[in-house]
1. Would you tally the residues in region 146-155 being farther than 12 Å from residue 132 by Cα and either in contact with a helix residue (DSSP H, G or I) (Cβ under 7 Å, 6 or more places away or on another chain) or crowded, with 16+ Cβ neighbours inside 10 Å (or both)?
2. Which of the residues that make up region 156-170 are in contact with a helix residue (DSSP H, G or I) (Cβ under 7 Å, 6 or more places away or on another chain), over 16 Å from residue 182 (Cα atoms) and exposed (fewer than 15 other Cβ atoms within 10 Å of the Cβ)?
3. Please note which helices (runs of 4 or more DSSP H) are completely contained in region 64-116 and include at least 2 residues that are touching a residue at least 12 places away in the same chain (Cβ under 8 Å) and within 15 Å of residue 11 (Cβ to Cβ).
4. Do you know which residues across region 26-40 are free of Cβ contacts under 8 Å to residues at least 24 places away in the same chain and assigned to a loop (DSSP other than H, G, I, E, B)?
5. For residue 133, are the conditions met, namely being within 14 Å of the chain's Cα centre (by Cα) and closer than 25 Å to residue 195 by Cα?
6. Name the residue, out of 22, 43, that is in a loop (DSSP other than H, G, I, E, B) and more than 16 Å from residue 86 (Cα to Cα).
7. Given the condition over 11 Å from the mean Cα position of the chain (by Cα), closer than 17 Å to residue 140 by Cα, modelled with pLDDT of 90 or more and buried (at least 20 other Cβ atoms within 10 Å of the Cβ), answer yes or no: does some residue in region 105-115 qualify?
8. Residue 86 fails exactly one of the following numbered conditions: (1) more than 24 Å from residue 121 (Cα to Cα); (2) surrounded by 20 or more Cβ atoms within 10 Å (Cβ to Cβ); (3) modelled with pLDDT under 90. What is the number of that condition?
């Protein structure tokens, strides 16, 4: 996972005064907690972000989720995006409805992050979402969708995995192979044999089909 870090440390390593001040508020108990919640309504974007990050990362407060998801959607290439994604992940299952809604975002990175978190928090319950996202126009989103599918080993996903064998991206095809190889089904073996014969990428044939 792109934001995996040591506990208590933000992925960006940010120790700016604003971030440290928000973390200090979290240590003040209920008054500090309320001050952070009030800051979510501030006009200043950085202040809102620091408050939301602290509420999520330090306090696991689901009320931070809307602001965190707004930031992720609006700043897909920001260094702080990874911090926001980590905070959402830390909040856990209360974030699932927001993550599900995020799959409708027009921003590919938002959809990708939503899939990563859904795969971690509720892979079986999110299977239909992974199957739908396997046909996404963005390569990275499709990749995370396949990763989510492969966590489930659910036969319902077999048609999506078979379709992914024809993806233009070799890593997607490889992920589909790994997913299908989990099923001990003679018909799937025939499908994989056919895909192997038609696969033009020698490296993929060695690594994904043969396991070299």
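1. Of all residues in region 146-155, those farther than 12 Å from residue 132 by Cα come to 147, 150-155.
Among the residues that remain, those that are also either in contact with a helix residue (DSSP H, G or I) (Cβ under 7 Å, 6 or more places away or on another chain) or crowded, with 16+ Cβ neighbours inside 10 Å (or both) are: 147, 150-152, 154.
Qualifying residue count, region 146-155: 5.
2. 169
3. Details: elements: 65-74, 79-91, 96-102.
In region 64-116, 65-74, 79-91 are the helices (runs of 4 or more DSSP H) which contain 2 or more residues that are touching a residue at least 12 places away in the same chain (Cβ under 8 Å) and within 15 Å of residue 11 (Cβ to Cβ).
4. Within region 26-40, 27, 28, 29 qualify.
5. Details: within 14 Å of the chain's Cα centre (by Cα): yes; closer than 25 Å to residue 195 by Cα: yes.
When the stated conditions are applied, residue 133 passes them.
6. Values: 22 fails: in a loop (DSSP other than H, G, I, E, B).
It is 43.
7. No, that holds for no residue.
8. Here residue 86 meets the rest and fails (1).
The values are calculated or read from the model by the stated rules, or taken from the named source; none is laboratory data. Everything numeric here is computed off the predicted structure, so don't read it as measured data. Every residue, glycine among them, receives a Cβ derived from its backbone with ideal geometry; neighbour counts consider all protein chains shown.
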